[in-house]
Amino acid sequence: GSDSVVLERQTLQVQPPPMFQVVLLNDDFTPMEFVIDVLQELFGKDREEATRIMLKIHLDGRGICGVYSRDVANTKVEQVLMAAQHAGHPLQAVSEPVE
Ligand code: TYC
């Protein structure tokens, strides 16, 4: 009845919003320095952390750069792709739901 509908709505409303991780993918062409710059300027990392993440991506093929709401994560991906395109690098980024 209508009571159970209200209870279901209340259960859903207290769940935290789904979060999305922005993942950078390795390639053979994008300069390491460009990736470090992106991690500092778009993901707020200091130089040491940006270097650590870049090397992790270089070695493992991918790495998480940050975790955000859906809209912010999608905007970060767009910003990475725009910066890479502008600089002429093939750097790729994706947003995926956090497990
Ligand atoms: N593999 C690249 C190189 O050797 C560096 C690189 C790191 C590229 C991370 C992309 O997401 C990336 N120049």
Helix-only CD estimate at 222 nm, as mean residue ellipticity for the chain, using -39500 (n - 2.57) per DSSP H run (n ≥ 4): -17500 deg cm²/dmol
Electrostatic dipole magnitude of the chain [Cβ: Lys, Arg +1; Asp, Glu -1; Cα centre; debye, to 20]: 80
Per-residue Cβ neighbour rank within 10 angstrom, fewest leading, L59, L39: L59, L39
Label point distance in nm, L81-E33, each placed 7 Å from Cα along Cα→Cβ: 2.7
Proxy reagent accessibility, fewest Cβ within 10 Å first, across D46, D28: D28, D46
Efficiency of FRET between H89 and Q15 - r from beta-carbon atoms, R0 41 angstrom, step 0.05: 0.60
Proximal charge balance of G61 [Cβ under 13 Å; K/R count +1, D/E count -1]: -1
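Values quoted throughout were computed directly from the atomic coordinates according to the rules given, and no laboratory measurement underlies them. Worth saying up front: this structure is predicted, and the values here are computed from it rather than measured. Every residue, glycine as well, gets a Cβ built from its backbone with ideal geometry; the counts of neighbours run over all protein chains shown.
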